Amino acid sequence: MKQGIYTIVGHEPLTKDVYRMVLSGDTSAMTMPGQFIEIGLPGFFLRRPISVCDYDESTITIIYKVVGQGTDVMSKMQKGETLDALVGLGHGFEVERSGDDPLLVGGGVGVPPLYHLAKRLLAAGREVTVILGFNRAAEIFYADEFERLGARVVVTTVDGSVGVKGFVTDALPEKFSHVYSCGPMPMLRALYGATQGVGGEFSLEERMGCGFGACMGCSIMTKNGSRRVCKDGPVFDKEVLAWQI
Amino acid sequence: MADLKVTLSGLELDNPIIPASGTFGYGYEFAELYDINILGSFSFKGTTLEPRFGNPTPRIAETPSGMINAVGMQNPGIDRVISEELPRLKKCFHKKVVANIGGFSVEEYAECCARIDREEQVGIIEVNVSCPNVHNGCMSFGTDPLGISAVTKAVKAVTKKPVYVKLSPNVTDIVPLAAAAAEAGADGISLINTLLGMRIDLRTKKPVIANRMGGFSGSAILPVALRMVYQVYEAVKLPIIGMGGVTSARDVIEMMLAGATAVEVGAANLIDPWACPKILAELPAVMEQYGITSLRDIIGGAH
């Protein structure tokens, strides 16, 4: 983890309430896809935890949805402005566990952290299938970006306006070596049920205090005891999650 | 040169800065970030006799200039703290630690303190009679002079270490509670714990926090903490560890002027993990700005 001042070098809406922001600064603390950053905003006490969509030697790309006052303020920030952020937080997706033909499943704003993961898997020569689930056509983002990386992309919409009508679980391929996912809990629960017998890692979301393991604000009970979503996760082996609890 | 040294019940601290219980775990998350030996001490996560998972999530809400938590005293239990956490801490922290102890009955407080009494790493026992986030315990002792008296006496009977009673601000008058702790033999007073607070989510129209209410902390509560430290300093002749909303060197000095001998820093650690080293770095310059050469000299200076 590092704290730094980051300059906004790109910022644009992808849909009505989902924005992409590119931050320039020290990215040396980023070690895995699926990690997150904590953004401090003027006038707000707590930082905002936001998953990292992509990163390289000097930039971090985040995609976030405006859900409250903090993200609303963030969405009005301009290129050239700076943000204080804690970077390189949490345990992310383990690229080494993918097998030959991994499946990536994203739901809504759970899609972004899968992007850098897909990049890394494709660079390692894996055959990557990505299922992106949205409610309706107007909410879709990043399907083209995943395709440009070279992944096989399937879009599902609940209303059937684009791609497969239904949920992500209605579009699962016959065979895949490992499943990586991020999205709302009901989606993860259904996906867990539909992918029994195949290994996988799911990224969870929780209201956080600190974001680096100090306050116990985001503890969940797993089959192996209590774990902190911010420090031990946000990505967990799907088998250790206590689906019954 | 600025003299930062202070003494709590015979325990000399290099400086008055002590990360507050519940914001610093058992130390090692922060030891990865900086040498925590620069601190005066730190108060470890509130520990109970039995392990506790705590409350369901969401446990955290934001407020103007602060936050609410309802963690619910999640901790591995006193025996694992002694067998695992303290030995691990010994490798990265070479000073005496403040042991924060919670409980649900007088007997439980006493048993917990008896067990921690044998640990030479512990310099002070901070008895938490003021956690607002657990039912049938803690704060119900801390808001009743008889409860405070009973817990303090029971703990004092089983330990030779200095006992600091951590008081709740969720009372009409703090003075009788501090006086009850003093009369029962406490060596010092810690205050304030969090204020009971609440937020409601406009979308769900329900409380944000699963436990509905939680402990309000952060810079917003500094004036309440200062007022209570000031009142307790006037009422009892015991050293005070002051806390509540401290985020800067100026806040530390203000808290000491109100009557604190040492100062705990809480929520500030959660939004800036380097908050304590930053406060320590700026203290000498702020002291010089206000003509202070020794922090000992300013304790209770506002009276």
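Every read-out reported here was derived from the displayed coordinates using simple, explicitly stated rules and does not represent laboratory data. All figures in this text were calculated on a predicted structure; none of them were measured in a lab. Quick reminder, even Gly has a Cβ in these numbers, built from the backbone with ideal geometry, and neighbours come from all protein chains shown.
For the stretch B:133-265, how big is Rg over Rh, using alpha carbon atoms and the Kirkwood form of Rh?
1.02
Only bridges whose two residues both fall in the protein assembly as shown count here: according to DSSP, what percent of them are antiparallel, nearest 5?
If I count the DSSP bridges inside the protein assembly as shown, around 55 percent turn out antiparallel.
Counting residues in the stretch A:5-114 as N, plug N into 2.2 N^0.38 Å and put the Cα Rg over that result.
Expressed relative to 2.2 N^0.38 Å, the Cα Rg reads 1.07.
When N counts the residues of the protein assembly as shown, how does its alpha-carbon radius of gyration compare numerically with 2.2 N^0.38 Å, as a ratio?
Ratio of Cα Rg to 2.2 N^0.38 Å: 1.04.
Sort out for me the Cα centre separation of the stretch A:145-173 from the stretch A:190-245, rounded to whole Å.
With the stretch A:145-173 and the stretch A:190-245 each reduced to a Cα centre, they are spaced 25 Å.
Anyone know which of B:70, B:281, B:235 comes out most mobile in the 10 Å Cα GNM of chain B?
Ranking B:70, B:281, B:235 by mean-square fluctuation puts B:281 first.
Rounded, prolate or oblate for the stretch A:95-203? Axes are the square roots of the Cα gyration tensor eigenvalues, ordered a ≥ b ≥ c, and the cut-off for rounded is a/c under 1.5.
On the way: a/c = 1.72, a/b = 1.23, b/c = 1.40.
Oblate shape, in that a/c is at least 1.5 and b/c is the bigger or equal ratio.
Which of A:163, A:197, A:233 moves most in a GNM of chain A, Cα contacts under 10 Å?
A:197
Scaled to the compact-protein estimate 2.2 N^0.38 Å, what is the alpha-carbon radius of gyration of chain A, rounded to two decimal places?
Against the compact-globule rule of thumb, the ratio is 0.96.
What nm distance separates the two modelled labels at residue A:185 and residue B:2, each placed 7 Å from Cα along Cα→Cβ?
Taking the simple label geometry, residue A:185 and residue B:2 are separated by 4.6 nm.
Would you mind computing, in nm to one decimal, how far apart the modelled labels at residue B:153 and residue A:175 are, each placed 7 Å from Cα along Cα→Cβ?
Here the modelled spin labels are 7.7 nm apart.
Inverting the mean 1/r over all pairs of different Cα atoms, compute the Kirkwood radius of the stretch B:16-168 and quote it in Å.
15.7 Å
Indicate, rounded to the nearest 5 percent, the antiparallel portion of the DSSP beta bridges found entirely in chain A.
Just about 65 percent of them are antiparallel.
Based on DSSP H runs of at least 4 residues, each adding -39500 (n - 2.57), what is the mean residue ellipticity at 222 nm of chain B after dividing by all its residues, to the nearest 500 deg cm²/dmol?
So the helix-based figure for chain B works out to -8000 deg cm²/dmol.
Within 10 Å of each Cβ in peptide A:216-228, how many partner chain Cβ atoms are there on average? Round it to a whole number, please.
5
Using a Gaussian network model of chain A whose springs link C-alpha atoms within less than 10 Å, name the residue from A:132, A:204, A:104 with the highest mean-square fluctuation.
In the Gaussian network model the winner is A:204.
I need the helices of chain B that pass two filters: whole DSSP H segments spanning 15 Å or more by Cα along the axis, and mean Kyte-Doolittle score no lower than 0.5.
Both cut-offs are met by B:145-156, B:222-235, B:275-289.
How high is the relative contact order of chain B? Use alpha-carbon pairs under 8 Å, at least six apart in sequence, and give a whole percent.
That works out to 20 percent.
What is the sum of charges around residue B:14, taking Lys and Arg as +1, Asp and Glu as -1, for the other residues whose C-beta is under 15 Å from the C-beta of residue B:14? Mind dumping the intermediate values first?
Numbers: positive: B:5, B:95, B:96, B:296; negative: B:3, B:12, B:35.
Surrounding charge for residue B:14 is +1.
Once label points are set 7 Å from the Cα along Cα→Cβ at both residue A:158 and residue A:198, what is their separation, rounded to one decimal in nm?
Placing both labels 7 Å along Cα→Cβ, they lie 2.4 nm apart.
In whole angstrom, and with the biggest value first, how far do the Cα coordinates of the stretch B:6-298 range along each principal axis?
For the stretch B:6-298, the Cα extents along the three principal axes come out at 49, 49, 40 Å.
Using a Förster distance of 25 angstrom, determine the FRET efficiency expected from the C-beta separation of residue A:59 and residue A:94, and round it to 0.05.
Values: r = 24 Å, r/R0 = 0.94.
It comes out at approximately 0.60.
Going by Cα centres, the stretch B:191-215 and the stretch A:68-115 are how many Å apart?
28 Å
Can you compute the FRET efficiency between residue B:91 and residue A:135 using 1/(1 + (r/R0)^6), with r the Cβ-Cβ distance and R0 = 35 Å? Round to the nearest 0.05.
0.10
With an 8 Å cut-off on Cα pairs and a minimum separation of 6 or more residues, tell me the relative contact order of chain A in percent.
Computed over chain A, the figure is 17 percent.
If you take every DSSP beta bridge fully contained in the stretch B:6-298, what fraction is antiparallel? Give it as a percent rounded to 5. Walk me through the numbers on the way to the answer.
Values: 16 of 39 bridges.
So the antiparallel bridges in the stretch B:6-298 amount to around 40 percent.
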